[in-house]
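Report on the following structure.
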Amino acid sequence: MTQLTEAYACVPSTERGRGILISGDPKSDRLLYTNGRSVIIMNLQNPLDVAVYAEHAYPATVARFSPNGEWIASADVSGSVRIWGTHNDFVLKNEFKVLSGRIDDLQWSPDGMRIVASGEGKGKSLVRAFMWDSGSTVGDFDGHSKRVLSCAFKPTRPFRIVTCGEDFLVNFYEGPPFKFKLSHRDHSNFVNCVRFSPDGSKFITVSSDKSGIIYDAKTAEKIGGFSSEDGHKGSIYALSWSPDGKQVLTVSADKSAKVWEISEDNNGKVKRTLPPPGSGGVDDMLVGCLWQNDHLVTVSLGGTISIFSASDLDKAPLLISGHMKNITSLAVLNSVPKVILSSSYDGLIVKWIQGVGYGGKLRRKENSQIKCLAAVEEEIVSCGFDNKVWRVPVHSDQCGDAEPIDIGSQPKDISLALQSPELALVSTDTGVVMLRGTKVVSTINLGFTVTACTIAPDGSEAIVGGQDGKLHMYSITGDTLKEEAVLEKHRGSISVIRYSPDVSMFASGDLNREAVIWDRVSQEVKLKNMLYHTARINCLAWSPDSSMVATGSLDTCVIIYEVDKPASSRITIKNAHLGGVYGLAFTDEHTVVSSGEDAFVRAWRLTPQ
């Protein structure tokens with residue numbers, strides 16, 4: 001049996017030049033955001049307590065808790081809204097096709113009966129309000145000509161809806177059934193976000209023209225605005241009211257978050273400017289914010305979530321970060337506690353500490369893309385799509401300087417001899433390249449199309465897998481390879497080969513969903529019929545005591561086989577990662593760590609049956 005012990009969450013999907021509208025549930029103090037097709041529910045008290053809803057067929061854009069906290073409505077780029085329960089397995093209540101394009105914002109009415117959604121509608125309506133149980137439309141929303149970025153429901157009766165968008169307009173609707181009342185054009189650029197105060201007396205709009213305007217909630221008259229002194233120097237992307245309705249949090253492209261005091265005469269003054277999360281690069285632009293109970297949450301363009309305490313703003317914020325894109329490789333360092341390194345193809349390497357979670361990003365001097373990664377205690381070896389291999393020394397959190405090694409063609413796979421890690425084997429399309437330190441000692445054309453390779457820990461033997469499904473075993477003497485044997489069993493192109501830690505066996509996986517465990521000395525098949533995946537095998541890992549092999553596949557499953565038992569007595573982790581499993585590693589005899597397309601890293605505890 002397996003049990004999920006830890007999940008290190010992905011970060012919200014962001015887009016340059018746009019805000020994201022995150023939300024939460026004040027009762028249970030949880031945060032809601034989206035990444036790809038997943039909707040993530042994170043507990044702000046304990047960020048390792050994460051739940052994921054993965055039923056959307058298209059990338060999700062926004063999600064909101066209902067006022068009673070029992071339901072969540074989430075929307076995606078196809079214009080669908082799904083309404084599902086927050087308990088017992090996220091049971092689906094309804095799915096409605098609301099708009100014909102992407103939905104950018106949605107809000108519940110305070111009684112939880114109606115939902116309003118806004119966004120893009122190819123030539124059709126850009127805003128729709130509907131009953132949550134039947135989906136029937138309540139009202140008519142005219143008056144916008146371009147994408148509607150935000151909408152808000154007045155939290156007290158009489159109900160009102162305000163929308164704003166890329167046509168610089170702020171429109172006000174009365175109802176229900178809702179109909180157009182009036183429109184303001186006080187902003188001179190995109191209006192990014194509109195929110196009512198908790199007591200329903202006023203609402204604020206913020207815009208890319210760096211200003212915020214305060215309106216009366218009943219009549220929609222303009223009654224005030226943010227003062228320009230010490231104001232934002234860039235587009236304001238989002239705002240969030242404090243629970244008592246006296247202060248507002250805003251975030252902006254100028255990389256700062258500001259807390260505004262809203263006075264009795266309806267003017268906003270800056271009370272506090274919160275520092276940006278990082279060094280001040282483009283990734284530190286702030287695109288989303290939420291004020292919930294005592295937490296001030298901001299989200300940067302790079303995805304870093306900063307959680308400030310509202311009662312003590314001088315306290316350093318808790319930073320949570322992670323990957324936004326597919327995590328393609330994992331490596332475990334043998335320290336105490338165990339450190340897991342994960343890399344995604346956009347060039348980000350994140351360090352996770354088992355039991356603690358996020359341990360920081362490894363900043364490399366050269367932020368190139370990463371195709372595969374191998375790591376030992378003091379060094380990371382990575383290769384990208386630019387024919388270069390990097391050997392980067394690592395000291396605690398900092399990466400030292402590294403010189404790229406150009407190997408002449410695109411690297412396919414990389415393997416380190418663990419006992420003498422300066423020796424590395426890199427496979428390319430036509431053969432392999434041997435590196436000692438940062439020197440290419442030999443480039444060997446093997447005469448077949450190479451798809452995977454591995455090198456024995458002592459550096460005396462290498463196994464190279466081909467597109468034809470054959471495994472070629474070579475002995476290494478000096479800097480040359482001598483072919484010793486060719487093993488045939490696979491019926492598909494080899495995707496991964498790994499030696500067992502005690503070097504008595506090795507395992508290989510192919511694109512035809514089969515894995516094989518071989519005995520190294522006799523070169524016989526040790527465990528066969530490992531044919532339980534339904535798609536290609538992307539990765540495999542050995543347990544430290546060489547008793548188990550785990551395989552991860554595009555079919556979203558991880559399967560763990562015991563070497564001494566038949567393949568049918570396997571342990572399967574279904575739906576380990578939405579979109580496929582791409583990285584696997586054991587941290588100890590009973591814990592396997594996996595990563596995948598959904599940008600999560602998950603740790604599973606195995607209990608023998």
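Below are the figures for this structure:
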| item | result |
| --- | --- |
| Protection-proxy order for peptides 35-45, 248-258, each taking the mean of Cβ atoms within 10 Å per residue, highest first | 248-258, 35-45 |
| Equivalent ellipsoid semi-axes, region 203-258, via Cα gyration tensor eigenvalues times 5, rooted, Å | 19, 13, 9 |
| Förster-model FRET efficiency, 25 Å R0, D346 and E55, C-beta, rounded to 0.05 | 0.45 |
| Rh (Kirkwood; distinct C-alpha pairs) - region 75-193, Å | 14.4 |
| Rounded if a/c under 1.5, otherwise prolate or oblate - region 1-85, Cα gyration tensor axes | rounded |
| Order by protection proxy (mean Cβ within 10 Å, highest first), peptides 518-531, 47-60 | 47-60, 518-531 |
| Listed residue pairs exceeding 22 Å between alpha carbons, taken from K27/K315; K179/K210; K258/K315; K365/K439; K338/K371; K154/K246 | K27/K315; K179/K210; K338/K371 |
| Cα centre as origin, Lys/Arg/Asp/Glu Cβ charges: the chain dipole, Debye | 1480 |
| Long-range HN-HN contacts of T430 with modeled amide H, under 5 Å | V450 |
| Against the rule of thumb 2.2 N^0.38 Å, how large the Cα Rg of the chain comes out | 1.09 |
| Inter-site label distance for F180 and R157 at 7 Å from Cα along Cβ, in nm | 2.8 |
| Per-pair calculated FRET efficiency, R0 = 45 Å: R272 and D133 via Cβ, rounded to 0.05 | 0.60 |
| Protection-proxy order for peptides 330-339, 464-473, each taking the mean of Cβ atoms within 10 Å per residue, highest first | 464-473, 330-339 |
| Average projection area in nm² (convex hull over Cα atoms of region 337-450, one quarter of hull surface) | 7.2 |
| Two-site label geometry, D401 and K218: point separation in nm, points 7 Å out along Cα→Cβ | 7.0 |
| Spin-label zone in region 320-347 - amide nitrogen under 14 Å from a point set 7 Å from the Cα of N575 along the C-beta vector | none |
| Nearest-0.05 FRET efficiency for D588 and S460, computed from C-beta distance (R0 25 Å) | 0.35 |
| Per-residue ³J(HN,Hα) for region 350-366, Karplus 6.51 cos²θ - 1.76 cosθ + 1.60, θ = phi - 60°, Hz, x for Gly and Pro | 10, 9, 10, 9, 4, x, 10, x, 4, x, x, 9, 8, 8, 8, 5, 10 |
| Debye log10 I(q)/I(0) for region 164-298, one point scatterer per Cα, at q = 0.21 Å⁻¹ | -1.28 |
| Cα→Cβ-extended label distance, 7 Å offset, between S188 and R491, nm | 7.0 |
| Radius ratio Rg over Rh of region 332-384, counting only Cα atoms, Kirkwood formula for Rh | 0.96 |
| Under 29 Å from the Cα of K528 - lysines, other chains or at least 8 residues apart | K412, K470, K482, K489, K565, K574 |
| Amide H within-cut-off set for A217, under 5 Å, with H built and near neighbours excluded | K202, F203 |
| Set of aspartates and glutamates near K271 by C-alpha distance (under 14 Å), chain-local residues within fewer than 8 positions excluded | E229, D230, E261, D312, D314 |
| For region 219-289: rounded, prolate or oblate by the Cα gyration tensor [a/c cutoff 1.5] | prolate |
| Volume of the Cα convex hull of region 139-199, divided per residue and given in Å³ | 73 |
| Whole-percent carbon and sulfur share, accessible surface of region 117-168, 1.4 Å | 50 |
| Relative counts (whole %) of C-alpha pair distances in region 451-609, using bins that are 5 Å wide | 2, 10, 20, 22, 21, 14, 7, 3, 1, 0 |
| Placed amide H near S38: partners under 5 Å, 5+ positions off or other chain | A60 |
| Solvent exposure of the chain as accessible area per residue, Å², 1.4 Å probe | 39 |
| Largest-first principal axis extents of the Cα set of region 214-359 (Å) | 62, 28, 27 |
| Two-decimal ratio, region 24-70, of alpha-carbon radius of gyration to 2.2 N^0.38 Å | 1.13 |
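The values are calculated or read from the model by the stated rules, or taken from the named source; none is laboratory data. Computed from a predicted model, the values in this text were never measured in an experiment. Cβ atoms come from the backbone with ideal geometry, glycine included; neighbour counts cover every protein chain shown. What goes into the accessible areas is simple: the full protein's heavy atoms, side chains included, and nothing from ligands, DNA or RNA. Shrake-Rupley method; radii C 1.70, N 1.55, O 1.52, S 1.80 Å.
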